[in-house]
1. When you scan segment B:138-145, do you find a residue that is in the same structural domain as B:VAL209 (by TED's automatic domain parsing), in contact with a helix residue (DSSP H, G or I) (Cβ under 6 Å, 6 or more places away or on another chain) and at pLDDT below 95, even just one?
2. Just checking, how many residues over segment A:215-230 are touching a residue at least 60 places away in the same chain (Cβ under 8 Å) and more than 14 Å from chain B (Cβ to nearest Cβ)?
3. Among the numbered criteria (1) closer than 27 Å to A:SER105 by Cβ; (2) part of a helix (DSSP H, G or I); (3) more than 10 Å from chain B (Cβ to nearest Cβ), which single criterion is violated by A:LEU153?
4. Look at B:PHE90 and say whether it is within 11 Å of another protein chain (Cβ to nearest Cβ), surrounded by 14 or more Cβ atoms within 10 Å (Cβ to Cβ) and in contact with a Lys or Arg (Cβ under 9 Å, 6 or more places away or on another chain).
5. Looking only at segment B:228-244, filter to residues that are in contact with a strand residue (DSSP E or B) (Cβ under 8 Å, 6 or more places away or on another chain) and either in a loop (DSSP other than H, G, I, E, B) or of a type in the set (Gly, Ala, Ser) (or both); which one of those is farthest from the other protein chains (Cβ to nearest Cβ)?
6. Which of the residues spanning segment B:210-227 are away from chain A (no Cβ under 11 Å) and farther than 18 Å from B:ILE145 by Cβ?
7. Only residues that are over 31 Å from the mean Cα position of the chain (by Cα) and loosely packed, with under 10 Cβ neighbours inside 10 Å: list them for segment B:48-80, please.
8. Kindly indicate whether A:VAL187 is away from chain B (no Cβ under 14 Å), in a helix (DSSP H, G or I) and free of Cβ contacts under 8 Å to residues at least 12 places away in the same chain.
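The values are calculated or read from the model by the stated rules, or taken from the named source; none is laboratory data. Quick caveat: nothing in here was measured; it's all calculated off a predicted structure. Cβ placement follows ideal geometry from the backbone for every residue including glycine, while neighbour counts extend to all protein chains displayed.
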Amino acid sequence: MALRIPKPPLPGRRKPPPPSEPAANGEVALKDQAAEVGAGIVGWVDERTGAAGFAKGQLFRKVPKGTNWFYTLGSATLFAFLSQAVTGVFLAMYYDPSPDRAYDSVQYITNEVFLGDIVRGMHRWGATVMIVLIFLHMGRTFFFGAYKYPRELNWVIGVVLLVLTLGMGFTGYLLPFDQRSFWATVVGVNINGTAPVLGPYLSDFLRAGPEFGATTLSRFYAIHMLLIPLLIAALITVHLYLVVKLGTTAPPWLRAKLPEPLEKESV
Amino acid sequence: MADHTETERRPGKTGGDGNFPAGDRGDGAGRDATRRLAKPKPPGYFEGETMTRRALVTGGALAAGGIASAAIVLPAIGFALGPVFEEEDFPWQDVGPPGRFVDDNYTPVTFSMVTDVGEAGKTLAYVRRRNPDLDENVPDEFVAISTRCAHLGCPVRWVGPAQRFVCPCHGGVYDARGQVEGGPPVRPLDRFKTRVQNGQVQIGPRYSVNSDLKRFSARDPGQPIDGLWKYLYPKRFTVPSVSG
């Protein structure tokens with residue numbers, strides 16, 4: 001039995017809703033009033049920004065024949081990043097990046113804060129999900145040949161995004177500040193240090209000194225919540241710009257229709 | 001020079017090298033049919049000028065922007081990189097009277113490697129008296145072996161019956177002098193300087209040793225220092241120098 005990916009449900013052509021019948025006394029229905037106000041606000045913004053045309057261009061752009069579910073992996077990775085960003089912002093409200101308080105504040109988030117275990121769990125498991133998705137997205141791009149001309153630069157940006165995402169994993173792993181975090185970071189920093197010539201200095205930079213010290217945790221926290229997320233957000237913007245600008249590729253199993261060869265007529 | 005800036009300012013317009021004869025203020029196209037009509041010279045142009053007003057203002061704006069950006073970015077980078085270039089002080093710490101230590105077995109001592117990080121800043125070292133059978137060329141009266149594995153920094157443990165240091169993470173094994181007997185470590189266990197003062201054995205800065213137990217300034221785990229390797233993993237600015 002061949003495994004088939006289900007076809008996505010396609011909506012029919014959108015029909016404008018029929019206008020409500022005006023009431024006998026000439027009053028406009030509340031629903032229509034609300035719709036008019038909404039349209040008015042959208043129109044006001046659009047008149048001053050031209051955003052509607054831009055948004056339409058993005059949302060209704062042509063995609064090649066054969067586009068399938070594998071093409072959603074990039075958006076899925078983006079969604080995972082946004083989920084990490086949102087949950088991370090809220091975790092930062094309770095988290096305390098000092099060596100004395102970090103572990104206790106994570107315990108407080110997990111056990112005391114309302115829905116704290118849910119939000120922390122989303123961030124903790126979402127990190128793994130993001131890594132898995134980013135690799136699947138990379139695999140899709142590779143096996144579909146979507147890294148070839150003219151999309152090489154987007155591949156390079158994607159690889160940088162992958163490295164930054166792994167950096168997020170590395171710096172975030174320390175933050176719970178339990179035994180596993182601490183020793184995993186000790187080992188991870190020492191692995192960084194085995195790079196020749198620059199490695200020892202890189203280790204000192206990550207630890208802010210020759211030993212795991214008082215500012216190591218806050219340094220990892222700043223890198224984790226400010227430096228790398230800003231870089232990732234900026235690079236995702238460029239990544240998406242190039243996707244829209246260059247368009248997506250057709251899957252490799254689709255062949256372009258070649259024009260019929262001309263036959264030579266003999267006279 | 002004047003002509004050069006002229007062509008740069010209007011790329012693709014003049015088509016040629018922009019070398020107009022004297023007195024030609026844009027009406028010379030008739031003489032050369034292949035040359036496009038040149039734009040009139042900007043106000044203030046004079047024969048032999050080396051820099052247009054526009055080029056000066058553009059350059060000035062870029063320079064001002066560059067200086068302003070550097071004024072913000074350079075201190076920020078220096079701020080983040082500062083600890084890489086600062087040598088850290090390591091205070092000598094008492095670990096007990098000399099009578100506490102023997103020369104044929106190790107005594108574990110705990111002391112603070114790093115202050116202000118609570119329990120995480122404490123570390124364990126194994127200390128014994130210098131033993132003539134084990135230690136040649138060891139100047140200190142006491143030998144203090146660091147528990148930081150030379151593979152990736154896990155804490156090793158002295159297993160008395162086996163007379164070995166054993167690392168729980170990846171199976172590194174060291175003999176009684178801290179030299180590698182098996183597993184992935186790339187050099188012997190680090191040591192600490194020791195001295196006796198006011199009737200107390202004191203532990204000082206960390207140093208690393210190569211496979212001949214020759215002293216080097218402290219390296220991080222995973223960094224071999226035998227032969228040419230010591231040039232690939234040079235001394236860092238954050239640790240004190242150690243001689244021979």
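1. Scanning segment B:138-145, I find no residue that is in the same structural domain as B:VAL209 (by TED's automatic domain parsing), in contact with a helix residue (DSSP H, G or I) (Cβ under 6 Å, 6 or more places away or on another chain) and at pLDDT below 95, so the answer is no.
2. So the count comes out to 2.
3. (1)
4. yes
5. Here the residue is B:GLY244.
6. Passing the criteria: B:ASP226, B:GLY227.
7. B:GLY48, B:THR50
8. Considered against the rule, which asks whether it is away from chain B (no Cβ under 14 Å), in a helix (DSSP H, G or I) and free of Cβ contacts under 8 Å to residues at least 12 places away in the same chain, A:VAL187 comes out as no.
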